[in-house]
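Input: a single structure, listed below in structure tokens.
The values are calculated or read from the model by the stated rules, or taken from the named source; none is laboratory data. What you are looking at is a predicted structure, and each value in this text was computed from that prediction instead of being measured. Here the Cβ is made from the backbone with ideal geometry for all residues, glycine too, and neighbour counts use every protein chain on show. To get the accessible areas, we keep the full protein, side chains included, count just its heavy atoms, and leave off ligands, DNA and RNA. Shrake-Rupley method; radii C 1.70, N 1.55, O 1.52, S 1.80 Å.
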Amino acid sequence: KPHRTTNRKTAPDYRRQMAPASQCNGASCLALLFKCATIAPPKLTEPETIMTDFRAVTETLFVAPQITQSDIDRAAEEGFTLIINNRPNGEEAGQPTNDTLQAYAEAKGLRWLHIPIISGQLTMDAIINTSTALADSGKTLAFCRSGTRSCTLWGLSEAKSSDRNISDIVAKAADAGY
């Protein structure tokens, strides 16, 4: 090990800043001990489960960022019938796989579709598949990393398959925060 040197003129000597025990006023030491003894330790609680924000785009379509099994439980409780995953597997470290979430959702009685979209690479097949899925479904939750791809995919499928005005589609997406 290299020898460490300190400049005694600039290095603080913390031992000098502490009063020796012989100089401790009994009353002040007791007061400090009493104060420390009466401070209650923080209560430990179970960590809160942070639920994903399901944003309403229409009365039957909601969009969200990455969901978890807790979110699938919530979706089932809230009457969703279909979940569309727009994330490709392995897009991000720690992301649950499609198969894991799909099996969990199906065990809860929910339909599941995987229409993966690589960010910035929307395809006509994905637009058509989304349009077909939404035409046959009830309350639907679509998700991706942030929700933006899912909302964009909905907007493009609406523009292709409905008589809805483009301004209305854009306004609905904006109202949902996208």
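Of the chymotrypsin sites (Phe, Trp or Tyr not before Pro) in the range 74-144, not one is in a loop by DSSP (not H, G, I, E or B) with at most 15 other beta carbons within 10 Å.
Overall form of the range 45-139: oblate. Here a/c, set by the Cα gyration tensor axes a ≥ b ≥ c, is 1.5 or more, and a/b is not larger than b/c.
Annotation: per residue accessible area for the range 99-176 equals 53 Å², rounded to a whole number [probe 1.4 Å, protein chains only]. For the range 77-157, give the percent of accessible area contributed by carbon and sulfur heavy atoms, probe 1.4 Å, rounded to a whole number. About 50 percent, which is the carbon plus sulfur part of the accessible surface. Tally Lys and Arg at +1 and Asp and Glu at -1 over the other residues with C-beta under 13 Å from the C-beta of GLY177: what net charge comes out? Its environment carries a net charge of 0.
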